[in-house]
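A short reminder: the numbers here are calculations on the coordinates, not readings from a lab. This one's a predicted model, so the numbers in the text were calculated from it and none came from an experiment. Here the Cβ is made from the backbone with ideal geometry for all residues, glycine too, and neighbour counts use every protein chain on show.
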Amino acid sequence: MAAASAPPVSTIFSATTPTSKPVFIYSNFSKLTLNPHQSSKELTSISRRQFLNGSLALVPLVISPPPPSQAKEIEVGSYLPKSPVDPSFVLFKATPKDTPALRAGNVQPYQFILPPTWKQLRIANILSGNYCQPKCAEPWVEVKFEDEKQGKVQVVASPLIRLTNKPNATIEDIGSPDKLIASLGPFVTGNTFDPDELIETSVEKHGDQTYYKYILETPYALTGSHNLAKATAKGNTVILFVASANDKQWPSSQKTLQAILDSFEV
């Protein structure tokens, strides 16, 4: 007995369509007309036999494009305004549309500058805090940006209660710069933190807001062998800003990463 063979199928689709449109799978056999008001259950009831014998010719698949600001392939210079302080950079101002924590009112708005060639990275739902807002017990990642030649930056938020029982505590209330980095160091490196990796600490004041700043040499870090960090506390959270580079990126990007770090404020 001759073996049954499925009809040839070709797929036609695009992931860059500007709007959500049906994407179709065609066969070389007769066309099956689908009622647009059919439920998904009715559509999935089309039998396997229909596909194998060629009677199924058209199956719609809807693909929605990602928001431009979240697409990795789009440079931030194409949609962010120039920095009023240095036009060679653009200014990112986080708003409630950018992160679950900002929408929940769990994080105060923050901002920083970026080179226009950098790109925003998508964050996995489990890392974004989306599943636990507004009462997350562990730190989460707010936003990430990257340039393959220069490095990457990310904003990490930690619930204040994880570090102190005092409501609305300032960063000074939590403790010294060394004490804070001992708790948040693994979120700088992406794995473990060794106090010997801490090269320099400093304290800055911007109005009423105090920031702790760090320079770290982290040869075993997942984020990169060179890390700069800046932290402050406001409201119910501690905000940690991290700029990272590997050995290849660091010599040419150190000044750029330092400028990005210095610009960060809540």
Quiz prompt | Listed pairs K149/K230; K119/K213; K93/K179; K119/K166 exceeding 32 Å between Cα atoms | solution = K119/K166
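Under the Kirkwood approximation for Rh and a Cα-based Rg, what ratio Rg/Rh is obtained for the range 115-171?
1.09
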Practice problem: For the range 89-167, run through the chymotrypsin sites (Phe, Trp or Tyr not before Pro) and keep only the ones in DSSP coil with at most 12 other Cβ atoms within 10 Å of their Cβ. | Solution: Y131
Quiz prompt | Under 18 Å from the Cα of K97 - aspartates and glutamates, other chains or at least 8 residues apart | solution = E142
Self-check item: Fraction in percent of alpha-carbon pairs per bin - 5 Å, the range 87-237
Solution: 2, 9, 18, 21, 23, 19, 9, 2, 0
Quiz item: Taking the alpha carbon gyration tensor of the range 178-255, what are the square roots of 5 times its eigenvalues, largest first, to the nearest whole Å?
Solution: 22, 14, 11
